[in-house]
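J.: Let me give you the structure first, and then I'll get to my questions.
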Amino acid sequence: MVLSTLIEALAQILSMVINIYIWVVIIAALITWVRPDPYNPIVQILYKLTEPLYAKIRKVIPTLIGGIDIAPIIVILALKFIDLFVVKLLFGLAHSL
C-alpha cells in the first residue's frame with residue numbers, strides 16, 4: 001500500500017514537471033519571435049533552461065532550410081512521449097501493487 005502510493009506520487013510529480021517544462025519550451029519559442037532583450041532575467045532563465053537541450057538536438061538534426069529550428073518541437077514530442085508512456089507505466093505499476 002505504501003509503495004504503491006509512493007510510486008503514484010512520483011508519477012504525478014514527474015508528469016507535473018514534464019508539463020511545466022513543456023510550457024517553458026513553448027514560452028521560450030514564442031519569445032524568440034519578438035527579439036527579446038538578452039539582458040532580461042526572464043529571457044536569461046528561459047535560455048538557460050532550454051538551450052543546453054536544444055544544442056544536443058541541433059548536433060543530430062540541424063536547422064532546416066530557411067532557418068526553421070525544430071529543436072523545440074522535438075523536445076515537446078519527446079517529453080509528451082515520456083509523459084504518456086513512462087508515467088502511465090508508473091501508474092500501472094502502482095495500481096498493480
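J.: Do we find a residue being among the charged types (D, E, K, R) and either surrounded by 13 or more Cβ atoms within 10 Å (Cβ to Cβ) or under 22 Å from V87 (Cα atoms) (or both) anywhere in the stretch 5-13? Spell out how you get there, then give the answer.
T.: Looking only at the stretch 5-13, we keep the residues that are among the charged types (D, E, K, R), and these are 8.
If we keep only those that are either surrounded by 13 or more Cβ atoms within 10 Å (Cβ to Cβ) or under 22 Å from V87 (Cα atoms) (or both) as well, we get 8.
Scanning the stretch 5-13, I find at least one residue that is among the charged types (D, E, K, R) and either surrounded by 13 or more Cβ atoms within 10 Å (Cβ to Cβ) or under 22 Å from V87 (Cα atoms) (or both), so the answer is yes.
J.: Which residue pairs have Cβ atoms closer than 6 Å, lie 6 or more positions apart in sequence or on different chains, and pair a first residue in the stretch 65-79 that is free of Cβ contacts under 8 Å to residues at least 24 places away in the same chain with a second residue that is of a type in the set (K, R) and surrounded by fewer than 16 Cβ atoms within 10 Å (Cβ to Cβ)?
T.: So the pair list comes out as A71/R58.
J.: Moving on. Is it the case, given these coordinates, that K48 is out of contact with any helix residue (DSSP H, G or I) (no Cβ under 8 Å at 6 or more places or on another chain), among the basic types (K, R), exposed (fewer than 14 other Cβ atoms within 10 Å of the Cβ) and modelled with pLDDT under 95? Walk me through how you get there before you give the answer.
T.: Numbers: out of contact with any helix residue (DSSP H, G or I) (no Cβ under 8 Å at 6 or more places or on another chain): yes; among the basic types (K, R): yes; exposed (fewer than 14 other Cβ atoms within 10 Å of the Cβ): yes; modelled with pLDDT under 95: no.
No.
The values are calculated or read from the model by the stated rules, or taken from the named source; none is laboratory data. These numbers were taken from a predicted model, which means no experiment stands behind them. Neighbour counts are summed over all protein chains in view; Cβ atoms, including those assigned to glycine, are modelled from backbone coordinates with ideal geometry.
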